[in-house]
Amino acid sequence: MRVLIIDDEKLLVKGLRKSLEQEGFQVSVAYDGQEGLEVFKEGEYNFVILDLMLPRLDGISVCRNIRQYSDVPIIMLTAKDGDIDKILGLELGADDYMTKPFNTRELIARIRAITRRLEKIEKGHEIKNNIYESGNLKVDVESRVVYKSGVEVELTPKEFDILELLIRRKGRVFSREKIFELIWNEPCLDTRTIDVHVKNLREKLKEPDSERTVIETKWGVGYYFRRD
């Protein structure tokens with residue numbers, strides 16, 4: 001699991017990073033809000049630990065920005081103990097909240113608990129028995145067959161791979177480079193390859209006389225499968 005820590009207290013970050021890495025996590029760090037957003041957009045992270053009080057860009061703004069295109073789990077940290085800060089952070093999309101100083105073992109336990117809960121939700125509500133269904137779309141992951149309004153849609157192998165990737169991480173934005181690396185298993189040499197595949201997917205999956213598409217673009221970032 002890849003974790004991003006965004007906090008300007010370097011001693012705290014150093015100790016937290018060491019503890020997380022001892023538990024098998026891969027850890028990246030950023031020491032201000034703007035840097036944190038840039039690091040987050042450049043990588044693929046399973047969890048974010050986010051301080052409320054940050055230089056350049058505060059934690060509330062970072063959380064709000066991340067939630068515009070990602071549902072990655074976020075635990076917010078703060079030296080404040082006021083209810084208003086906690087409520088604001090949670091309303092903006094944070095999954096949990098801890099007040100400094102905190103017990104590192106408790107933080108790790110919360111990370112694991114949130115991850116288990118989200119994995120259970122994903123398995124229970126997104127793909128059941130290797131079948132994904134939403135609206136007029138049905139995707140049989142095991143048989144690699146797609147139906148639109150009951151009619152089979154012919155996809156190329158790579159088109160199906162991209163569709164399955166986005167469905168399994170519904171709402172999560174993937175950069176063109178990351179999609180290429182995950183599907184082709186090699187460094188991305190030309191992002192236009194992904195643009196062409198996504199364009200074809202959109203054409204094949206959209207309803208007649210409708211411009212609405214299940215695969216959305218987050219401008220300047222990448223593509224994601226739309227949440228209903």
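The values are calculated or read from the model by the stated rules, or taken from the named source; none is laboratory data. The model shown is predicted, which means the values in this text are computed figures rather than measured ones. In this analysis, Cβ positions are derived from the backbone assuming ideal geometry, glycine residues included, and neighbour counts consider all displayed protein chains. Ligands, DNA and RNA are excluded from the accessible area calculation, which covers all protein heavy atoms including side chains. Shrake-Rupley method; radii C 1.70, N 1.55, O 1.52, S 1.80 Å.
Per the Debye formula on identical point scatterers at the alpha carbon atoms of the chain, with no solvent, log10 I(q)/I(0) at q = 0.15 Å⁻¹ is -1.03. The residue among T156, P187, G222 whose Cα reaches farthest toward the positive pole of the charge dipole of the range 147-228, with charges on the beta-carbon of Lys, Arg, Asp and Glu, is G222. Suppose R0 equals 22 Å. What FRET efficiency, 1/(1 + (r/R0)^6) with r the Cβ-Cβ distance, do R2 and W184 give to the nearest 0.05? E between R2 and W184, to the nearest 0.05, is 0.60.
Averaged per residue, what accessible area in Å² does the chain show with a 1.4 Å probe, protein chains only? Present the calculation step by step, with values, prior to reporting the outcome.
Working: 12390 Å² over 228 residues.
Value returned for the chain: 54 Å² of accessible area per residue.
For I215, nonlocal amide neighbours, meaning residues 5 or more places apart or on other chains whose placed amide H falls under 5 Å from its own, are R226. Here the 3J(HN,Hα) profile of the range 20-27, calculated from phi with Karplus coefficients 6.51, -1.76 and 1.60 at θ = phi - 60°, is 5, 5, 5, 8, x, 7, 9, 10 Hz, Gly and Pro shown as x.
Explain nothing, just the number: dipole magnitude of the chain about its Cα centre with +1 on each Lys and Arg Cβ and -1 on each Asp and Glu Cβ, in debye rounded to the nearest 20. Each step should come with its number before you reach the end.
Details: 39 positive and 42 negative charges, 67 e Å.
Dipole size: approximately 320 debye.
In whole percent, how big is the carbon plus sulfur part of the accessible area of the chain, probe 1.4 Å, protein atoms only?
Accessible surface attributable to carbon and sulfur in the chain totals 47 percent.
Over the Cα atoms of the range 1-84, Rg to Rh with Kirkwood Rh, two decimal places? Kindly include the intermediate steps, with their values, before the conclusion.
Values: Rg = 12.0 Å, Rh = 12.8 Å.
Computed over Cα atoms, the ratio is 0.94.
Residues in the range 158-168 carry Karplus couplings, in order, of 5, 4, 5, 4, 5, 4, 5, 4, 5, 5, 5 Hz; the curve used is 6.51 cos²θ - 1.76 cosθ + 1.60 with θ = phi - 60°, and Gly or Pro positions show x.
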